[in-house]
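Since the structure comes first, as structure tokens, the remarks are kept for the end.
The values are calculated or read from the model by the stated rules, or taken from the named source; none is laboratory data. Small disclaimer: the values here were computed from a predicted structure and weren't measured. When we count neighbours, we look across all protein chains shown, and the Cβ atoms used for this are built from the backbone with ideal geometry, even at glycine.
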Amino acid sequence: MNANLRRNWLLQGIASVGDCGLFFVAVLGALPKSLRYWRETCRQVWFVGAMSLVIVMTCGLFIGMVLALQLYYTLSIFGGTSALGTVIALSLFRELGPVVTALLVAGRAGTAVTAEIGLMRATDQLDAMGMMAVDPLAYVASPRFLAGVIAMPLLACVFNAMGIFGGHLVGVTWLGLDNGTFWGNMTSTVSLQRDILDGLYKSMVFGGVVSLIAVFQGYTAPPTSEGVAYSTTRTVVFSSIVILAFDFVMTAFLT
Amino acid sequence: MNAVLANQKASSDALVQVRGLRTRLGAKTIFDGLDLDVARGSITAIMGPSGTGKTTLLRHLTGQLRPDAGSVIVDGEEVTQLSRRALFGLRERIGFLFQNSALLTDFSVFENVAFPLRQHARLPEELLRDIVLTKLQAVGLRGAAQLMPAELSGGMARRVALARAIVFDPMLILYDEPFVGLDPIALNQVLRLIKTLNKTLGITSILVAHELAAIRQVAGRVYLIANGKLVAQGAPDELAHQDSPWTRQFFGGEADGPVPFHYPAPDYATELGFAERAP
């Protein structure tokens, strides 16, 4: 019985990954049509991007500050505190910026997108659009997917900037590192292509992954309060796992 | 050649033709060989016990749901075979009033009614505004144009959904429970609107409803569906007096008859434990 149950869970898991893959293809197929609804895409970029600014900026600032404290301590053991700016920038651009921003967006905007689409499904709004000959994939799903891909790298940039500002605040203003050393070492070491752009590529992929999972979970949410609640939770859980797994794979390929 | 001509004639008389419709949802058989025709320019009511698949039938007519077998022809097009693009083309000519209104909650009443026009017709803003306000006036809600769906009562939301369904002056309007939640004044106006649309624009209407008194006022023909089949049909008054066990039970509202009132359950006394306690 248990073995059967486990096998069913496994099969269901594999089937839902397959469904999500097919859904991804359908969303991509609806992208050209969704360009007609560019206003809707702009609204979603505003919702995913601008509305997430406060949480992304606050977290970026604190993470930068903590990084400066921790790295200052570690670097001081080797007498290399002058590299503080460089190490903070590299950690943020290459890793923390894209990953933490994606986790934050999954929690803030991903859940909202899932709940919104789940409720649209439950109240027949998606069917009503279909009946008015408006493809809900093009009007609802694709703009939200596209918004994630556009907004995530922008948010990651803001996160990185705030992180470096926080690191500067602690390293230079508080711990007394030389301002010129902090910026000079950073700008001479950090590469636009290898560090900054690679981080942004990651961010774009994470944006696509988070918004795809959020839209898919909303689209397939059972039309009940419990169904929408579970789907919202699944968005955060699956997004977090997939972000970290993709991060490993992409880091392995990009470095 | 004769067969083609005969087919063309049939399709010009009947806007909707359903033949041998079979549908199963999960373990439940919804339709088991359903046949019905809806004449062009008519008002037809579909009645039947709850859970008998009336809404499912409307979903078949619009291709939202594909049947397991059978044919559904609407305006000469076989809905079950249509591509997505062709289906959307057909749907532009069909208005659908959802049971729970299904208004888009992000948009105001005005924008909800304007939505189909904005998507499919490039109209100057002034003309669009005039059309939307005319439709809202017809359902008595011109003054509510700027309200959001959350601010409407159930009956008002239904009237807005009705205005949205008729905004394109479609050839066919499907009403799923249009009278639920309407007060007598609104009910009368909606009935008058359905009749006016039918008479002046020749719009064919299919109503799924339980309100016999209202149906008698508008519908020319009633189909009674039960157990996945058509069990009776005719003019409303004719049907109410027809001597069949189905119509007697349905129009008489009796608990006993071919339609069981109780969902299948074990014996009542046994479940309450009386059978064991009895001497």
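For a quick check of your reading of the model, give me the residue pairs whose first member lies in segment A:229-249 and is part of a helix (DSSP H, G or I), whose second is acidic (Asp, Glu), with beta-carbon atoms closer than 8 Å and at least 6 apart or on different chains. Between residues of segment A:229-249 that are part of a helix (DSSP H, G or I) and residues that are acidic (Asp, Glu), the close pairs are A:Asp247/A:Glu95.
So in segment A:191-224, with the set limited to residues that are modelled with pLDDT of 90 or more and outside any helix (DSSP H, G or I), which one is surrounded by the most Cβ atoms within 10 Å (Cβ to Cβ)? Ranking the candidates gives A:Ala221 first. Filter segment A:8-26 down to the residues that are within 28 Å of A:Ala138 (Cβ to Cβ) and not hydrophobic (A, V, I, L, M, F, W, C) and list them by number. Correct list: A:Ser16, A:Gly18, A:Asp19, A:Gly21.
Checked against the criteria, A:Thr86 does not count as under 25 Å from A:Gly208 (Cβ atoms), part of a helix (DSSP H, G or I), touching a residue at least 60 places away in the same chain (Cβ under 8 Å) and not hydrophobic (A, V, I, L, M, F, W, C). Would it be correct to say that B:Phe110 is more than 14 Å from every other protein chain (Cβ to nearest Cβ) and without any contact (Cβ under 8 Å) to a residue 40 or more places away in the chain? Answer is yes for this residue.
Being more than 14 Å from every other protein chain (Cβ to nearest Cβ) and surrounded by 20 or more Cβ atoms within 10 Å (Cβ to Cβ), is that true of even one residue in segment A:118-140? The answer is no, given that none of the residues of segment A:118-140 is more than 14 Å from every other protein chain (Cβ to nearest Cβ) and surrounded by 20 or more Cβ atoms within 10 Å (Cβ to Cβ).
Output the number of residues of segment B:55-76 satisfying the condition of being away from chain A (no Cβ under 14 Å), within 17 Å of B:Leu172 (Cα to Cα) and not small (Gly, Ala, Ser). Break it down into steps so the answer makes sense when it comes.
Just the residues of segment B:55-76 that are away from chain A (no Cβ under 14 Å), to begin with: B:57, B:67-73, B:75-76.
This time we only want the ones that are within 17 Å of B:Leu172 (Cα to Cα), so: B:57, B:72-73, B:75-76.
Now restrict to residues that are not small (Gly, Ala, Ser): B:57, B:72-73, B:75.
Summing the residues that are away from chain A (no Cβ under 14 Å), within 17 Å of B:Leu172 (Cα to Cα) and not small (Gly, Ala, Ser) in segment B:55-76 gives 4.
If you take the residues of segment B:77-107 that are acidic (Asp, Glu) and closer than 29 Å to B:Leu182 by Cα, which of them is farthest from the other protein chains (Cβ to nearest Cβ)?
Our first condition is that a residue be acidic (Asp, Glu); within segment B:77-107, this holds for B:77-78, B:92, B:106.
Narrowing the set further to residues that are closer than 29 Å to B:Leu182 by Cα leaves B:92, B:106.
Working: B:Glu92: 5, B:Asp106: 9 Å.
Residue satisfying both the conditions and the ranking: B:Asp106.
Within segment B:99-110, the set of residues being crowded, with 17+ Cβ neighbours inside 10 Å and at pLDDT 90 or above comprises B:Ala102, B:Leu103, B:Leu104, B:Ser108, B:Val109, B:Phe110.
From B:Ile46, B:Ile73, B:Ile94, grab the single residue that is under 30 Å from B:Pro245 (Cβ atoms) and within 21 Å of the chain's Cα centre (by Cα).
Details: B:Ile73 fails: under 30 Å from B:Pro245 (Cβ atoms); B:Ile94 fails: under 30 Å from B:Pro245 (Cβ atoms).
Checking each option against the conditions leaves just B:Ile46.
Identify all residues within segment B:193-225 that are under 20 Å from B:Leu57 (Cα atoms) and surrounded by fewer than 19 Cβ atoms within 10 Å (Cβ to Cβ); write none if there are none.
If we filter segment B:193-225 for residues that are under 20 Å from B:Leu57 (Cα atoms), which is where we start, we get B:203-212, B:215, B:219-225.
Passing the criteria: B:His210, B:Glu211, B:Leu212, B:Gly220.
If we scan segment B:150-173, do we find a residue that is in contact (Cβ under 8 Å) with a residue 40 or more places away in the chain and away from chain A (no Cβ under 14 Å)? Scanning segment B:150-173 turns up no residue that is in contact (Cβ under 8 Å) with a residue 40 or more places away in the chain and away from chain A (no Cβ under 14 Å). Inspect all residues belonging to segment B:117-135 and state whether any of them is facing chain A (nearest Cβ under 10 Å), buried (at least 18 other Cβ atoms within 10 Å of the Cβ) and not hydrophobic (A, V, I, L, M, F, W, C). Looking for residues that are facing chain A (nearest Cβ under 10 Å), buried (at least 18 other Cβ atoms within 10 Å of the Cβ) and not hydrophobic (A, V, I, L, M, F, W, C), one finds none in segment B:117-135, hence no.
Quick check on my filter: what residues within segment B:175-189 are of a type outside the set (D, E, K, R) and either modelled with pLDDT of 85 or more or in contact with a His (Cβ under 7 Å, 6 or more places away or on another chain) (or both)?
B:Tyr175, B:Pro178, B:Phe179, B:Pro184, B:Ile185, B:Leu187, B:Asn188
Among all residues of segment B:229-251, there is none that is closer than 24 Å to B:Arg158 by Cβ and surrounded by fewer than 13 Cβ atoms within 10 Å (Cβ to Cβ).
State whether the residues of segment B:162-183 include one that is more than 26 Å from B:Leu36 (Cβ to Cβ) and not in a loop (DSSP other than H, G, I, E, B).
Yes, because at least one residue in segment B:162-183 is more than 26 Å from B:Leu36 (Cβ to Cβ) and not in a loop (DSSP other than H, G, I, E, B).
Across segment B:253-275, which residue is farthest from B:Gly51 (Cα to Cα) among those that are hydrophobic (A, V, I, L, M, F, W, C) and under 26 Å from the mean Cα position of the chain (by Cα)? Steps first, please.
So in segment B:253-275, the residues hydrophobic (A, V, I, L, M, F, W, C) come out as B:255, B:259, B:261, B:265, B:269, B:272, B:274-275.
When the remaining residues are screened for being under 26 Å from the mean Cα position of the chain (by Cα), the result is B:255, B:259, B:261.
Values: B:Ala255: 16, B:Val259: 11, B:Phe261: 12 Å.
If we take residues in segment B:253-275 being hydrophobic (A, V, I, L, M, F, W, C) and under 26 Å from the mean Cα position of the chain (by Cα), then B:Ala255 is farthest from B:Gly51 (Cα to Cα).
Checking every residue in segment B:174-183 against the condition of being under 23 Å from B:Gln217 (Cβ atoms), within 13 Å of another protein chain (Cβ to nearest Cβ), among the aliphatic types (A, V, I, L, M) and buried (at least 16 other Cβ atoms within 10 Å of the Cβ) gives at least one match.
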